[in-house]
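This report concerns only the one structure given below.
The values are calculated or read from the model by the stated rules, or taken from the named source; none is laboratory data. The model shown is predicted, which means the values in this text are computed figures rather than measured ones. Here the Cβ is made from the backbone with ideal geometry for all residues, glycine too, and neighbour counts use every protein chain on show. For the accessible areas, the whole protein counts, side chains as well, though only heavy atoms, and no ligand, DNA or RNA atoms are used. Shrake-Rupley method; radii C 1.70, N 1.55, O 1.52, S 1.80 Å.
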Amino acid sequence: MPPPPPGSAEETRHNDRVISTLNNSIDTVNIVKDLVPLDIARGVLGAVAGILTTVRDTVQNKNDFTELTDRCHKIGLVLWRATSATPDGELSPSIKRAVSELQSSLDGILNTLTSKSKGNIGMRAFTASADRERIREWKRELDGFLHLFNTELQVIANLKLEELSAMFDEFRTQANKPQQIPQRDPLPAKPPLFFGRDDIVRDTVETLLRRGHVALIGPGGIGKSSIARAVLHDEALVEKYREHRVFIRYDDFQASQLTFDTFLDRIARALGIPASKVDRHASISSYLTKNDVFVVLDNAETFLDMPRGADQAAGRIADAIDGFGALPSVTILLTTRSRVLPPDFICTPLTVPVLQPNAAREMFLAVYHGNISPQIVDKLLSALDFHPLCINLLAHAARQNEWTPEDLVNSWEREQTRLFDNGGGKVQSLTVTIELSLNSPAIRQMGNDALRIMQVAAFLPQGINTKLLGEMFPTVSNAWAIVDTLCKQSLTFKIKGSHFVTMLAPIRLYISSQYNKPLPSAITLFPNVAAHYHAKIAKSWGAQTSEPDVEGQTWIRTEDVNIERVIALDITVPEDVDTSYQSCATFLDMLIAHKSRPTSLRPVVLALPDQYPRQLRISSLRIPVSIGQDRSLIARKGHCVIRLGKLSQHLGRYDDALELYGEAKRLFTLAKYPKSITGCLAQQGHIYSTLGQYIQAEAALEEAVDIAHGLNDAEGGASYTLILGRIKMARGDAAAPKLFARAQQYFGTRSDRHNLARVEMCLGIWDLVTENTAASRRHFNAAQAMYNSCCLHPRCHSEASLALAEAAARDGRFEDAQQLMDNARALPLRMRASQFSAQALIRKAALTSFLGDHEAARIQIAEALADVTFADEDENSSVMLCTYVSARNELFAHNLSEAKRLFEQVINLCDAQSYALFKARSQRALGEIARVQNDWTTVNALFKETKSLCHSMGIPPHLLYSPWNHCYMLADEFRGFDIFQKDGADC
């Protein structure tokens, strides 16, 4: 293509694109230089960066250097890729020699460019034909090195530049993705205004130190939370519990948002423990058992007063508190407005009284500095019933509005009279005080928007982010001044260490009951708030396709409860149905990605109607006319449900996930969206396969394949055929290789290297099943080469190396197997993918145990388990595997009592999640232990149950451990089950 005309706008745009390309290449090479572990590679990359920088800064005819620039960029990426998948970034001797020669060539190019620049000749000299030939010669020289790399590194260097760049971007995205490592919630500070509470603080502390639980009971605003915060920082308690003091708030939850899972999730996050998704309740109990812990459950009425609905959350929460309280290492302090406590929670209830007159006066005068007589103060405080929150509100209102004592008395009496005249009857002091503050001059001069912002603050459980006031309230010009005034009058307060403004629970309840009904129409600014969150969700999730969206990740973690509350309301009465449903689905995606936790949206989404009449507006009519079902909206509900299923699956709630996928399938059937139905079936099949329920898995995938073929969906059909082949392979079905070949044929026509690698993996595993290790190695090596050429996902590289390790172990090459397991761990560690590094380490521990080094295996298992608890996905399987391998290690060490305990623990975990495969393996192992102990009745019962489990799963017993024998299979000395199968009698 000829260059654009000189001086034209097209030439300017072209030059800008060239500069942008050079800048991108320079940035990439410099980043790679910091990543590669070898000095020799860093030297090459330094020369590459020098060449690119010189071209950018001094060459005038940059267009002639485009191809050379591409070669330099590619060399940088090839060196990164060549060193990224090995434990120490080591290169082969031949590649090292080539890199040394490449260094000389690059230095020569750089010196030539630099010398011309320094000679002030100007890079116009490079426009001569001879010099253009030199540029082409340089390009050919670099092509020669890339060809050598291609030969040595198989297909890495044969990739297109954009493919390597995409892999590098994927690596950076994964490496920069913050792990969901739980952090302990910070403890709240001591209350700033605290008077007249020494006696109740002392009584509370003394009771707690005697290992007695305490419930502080009283009406809203009486000071329960302030007392709890003072107790939390009492010197004696600090000395006793130190870092094991936790303060768990529930005032930022609406009762409708609280489920048993969210109750436990809040405790786990406050403790800062990586609560296992397998059994979160058990993880919390385990932590509490190992440490002396002081727990404050603040605003416990949120869950104590919950209606006992269909999900039985209230009863389960009460049982959990009873259980935690029964642990001798745990001391609990509850604050609650409710006198209804968990039935078996033995505690000392302490009723929090109002303040004594002297303390009330001291508190008032600490805020209000006007010259006021004791008689007027006492009269006012008596009218306030010496209620602490009322005193605080009145004192701040008087101070902010600069009221004289006379103004103060008149304002109080006027507000009391107004409320009485409006039908309030005997008005409580808190009501009068809140209304007095709302009607004070400082608030009234802000206009109606002050109350409107108060309504939003009461509605949003986590409060209002003051950094986003302009986005949230675009029609309120003085939003910041309003928020500032509300804080000065103590109607709201700023949460320490954040940008959020919220309000105390009694004020929230008052505003919610008096001004926020009915929802959402009562909240004038709700449409603005909903629009703000819809836009934020769309923007944050849209950024996931490029650079890591750190701001979006932070935002979703700090405002997730607010978003959940807005979506739960907005989706039931949507202004824009499409936007509301899309935001719901996207929010669930964001939870999975950035803050995986239970959600209360399930009952809200499932309660949405299935029947959506399709509306047609006819110009002659004023009203819409129903002309049938709007299938797209039914499908949108289905997409929300399938996201709920993915979240449940991610959290390890497999029974819930299967149920939700079934519901989504029903909705997509109703909407006539067959392709989405296949997605539901594939997800169900994956879960069934993970659990070892292969008969159900096979049925789900066969249905998915049939639907895909009926739709002429060749790609979907090939993908589902491949998965179906894996399931049949687990069952020992000889039809599996034919299914793999069918999938391979389709993916081959598309040159789909990633899926071709998956097929090679399946063919290799089949060869392991049929004990052809030589053939399996060929397939695994082919898969690894293809993954190197197209994919950087740590799962792919880890699986290929682990498969090669299994083949090596079967051939007795145990040192090679261990090295391959280290390779399997290397890339996941670099990319902070702890779940895959943990899986590689636990496989190595299993082999270490098989080789007889049981103590080393214990250390490796403990390290792997520590990584697993921070995993983003597949935690259930990994925890199960760690526990099983640990039990197997103790069995091999002949520590039978510990082995039995651990195998029983595996079975308990299996029963909680319907894991048939690990249960069968553990039942068999327990049978072997009983055989060593000559307990023949137990032996036969356990072996019969193992055989029955194999039958129900749909697998022959001899494939119980296949294909990863060295991870699961028992040693030859434990062969009772084999004898039992052969003889069918006592063994």
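Between the beta carbons of W480 and R17, assuming R0 = 45 Å, the FRET efficiency works out to 0.60 to the nearest 0.05. Charging the Cβ of each Asp and Glu at -1 and of each Lys and Arg at +1, and nothing else, the dipole of the range 197-351 about its Cα centre rounds to 140 debye.
Heavy atoms of the protein chains alone define the surface here; on that basis the range 406-525 has 45 Å² accessible area per residue at 1.4 Å probe size.
Taking the Cα centre of the range 752-828 as reference, the dipole from Cβ charges on Lys and Arg (+1) and Asp and Glu (-1) amounts to some 180 debye. From most to least packed by mean Cβ count within 10 Å, the peptides 913-921, 17-25 give 913-921, 17-25.
Per-atom-type breakdown for the range 197-351 gives carbon and sulfur 49% of the accessible area (1.4 Å probe, protein chains only). Cα centroid separation, the range 753-781 to the range 821-856: 21 Å.
Rolled with a 1.4 Å probe across the full set of protein chains, the surface gives V99 an accessible area near 0 Å².
Rolled with a 1.4 Å probe across the full set of protein chains, the surface gives D305 an accessible area near 90 Å². Alpha carbon centre of the range 430-489 versus the range 509-530: separation in Å? After rounding, the separation between the Cα centres reads 13 Å. Excluding L389 itself, what net charge comes from residues whose Cβ is under 14 Å from its Cβ, given Lys and Arg +1 and Asp and Glu -1? After counting each charged neighbour, the total is +1.
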